[in-house]
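What follows is a short report on a single structure.
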Amino acid sequence: MLFMMALYMNPYMNSPPSELPDPGYQERLLRQMNHRFQNNVQWLALLLEFQPSNAPPEATRLLNGVAARLRSLSGVYGLRAESASGIVDAATLITAIIRNAEKAHKLRIDYEPDSPGGRQARQWQVTDGMTVAVAVLLGEIVDNAIKHRSGTTPPRVGIVESGGGLTISVANTGQLPPDRKTAWRTDSGIGLELADTLSQMRSGISLDFECTDGWIITGVGLRAPAIEPCEADNGRT
């Protein structure tokens, strides 16, 4: 169904306004596309959560993890559907990823949307075509911080504006192994490996790891072309 919808909508998405049935037609197509993706991804997540009572614990854990990721992606498409342009500002996306992780793991993450960094993030938007990649990467980093923290101290998330973009720091208690990247990948499973792969495949995204005072800090750098300054009106309603 999604494939057929894409075939139907694609001729109109890049058409000049004079060739569209009316000025708002492209906007309505974009909203409909994102709503359809949102609903179908939600259904996939729901199907994965219907598991037999005798399913192996490891299989249940993996399927629940996939379902949580799908629900996070569904939320991203929901945000895009709320925007006439399909573009989401960085602060809104970051907050949505964090709230989804809190709900999935039933804990509160130390994050203040109205902090100076949170307000600065509202002045940046994730560029079209990069929203899902950025959301998946941040989701994996936050999920990893929750799962691999030492003790019960909740992870911390902070945002700073620097170097012509944003840096999101995700910190959890623990110690970083001497061989940072190899050891983390081996110990943490697919989460950081996927995040690291995404950061290498997408221009404008970088990852950095450090350990200080008993905290492991993952820095996610977002620069052009992954993000850009917000336009005066990005179409959010």
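Derivation of every value follows stated rules applied to the coordinates shown; laboratory data play no part. Treat the numbers as computed from the prediction; the structure is a model and nothing was measured. As a convention, Cβ positions derive from the backbone with ideal geometry for all residues, glycine included, and neighbour counts pool all protein chains shown.
A few remarks follow.
- Simple label model, 7 Å out from Cα along Cβ direction - Ser203 to Glu58, nm: 4.2
- Sites Gln123 and Phe50, calculated FRET efficiency, Cβ-Cβ separation with R0 30 Å, nearest 0.05: 0.10
- Put in line by how crowded their Cβ is, counting other Cβ atoms within 10 Å and starting with the fewest, Cys211, Cys230 read Cys211, Cys230.
- Packing-based exposure ordering (other Cβ within 10 Å, fewest first) of Val160, Val142, Val126, Val220: Val160, Val220, Val126, Val142
- Computed from the C-beta positions of Ser150 and Glu210, the FRET efficiency with R₀ = 22 Å rounds to 0.85.
- Computed FRET value (nearest 0.05) for Gln175 with Glu82, which takes r as the C-beta separation and R₀ as 41 Å: 0.50
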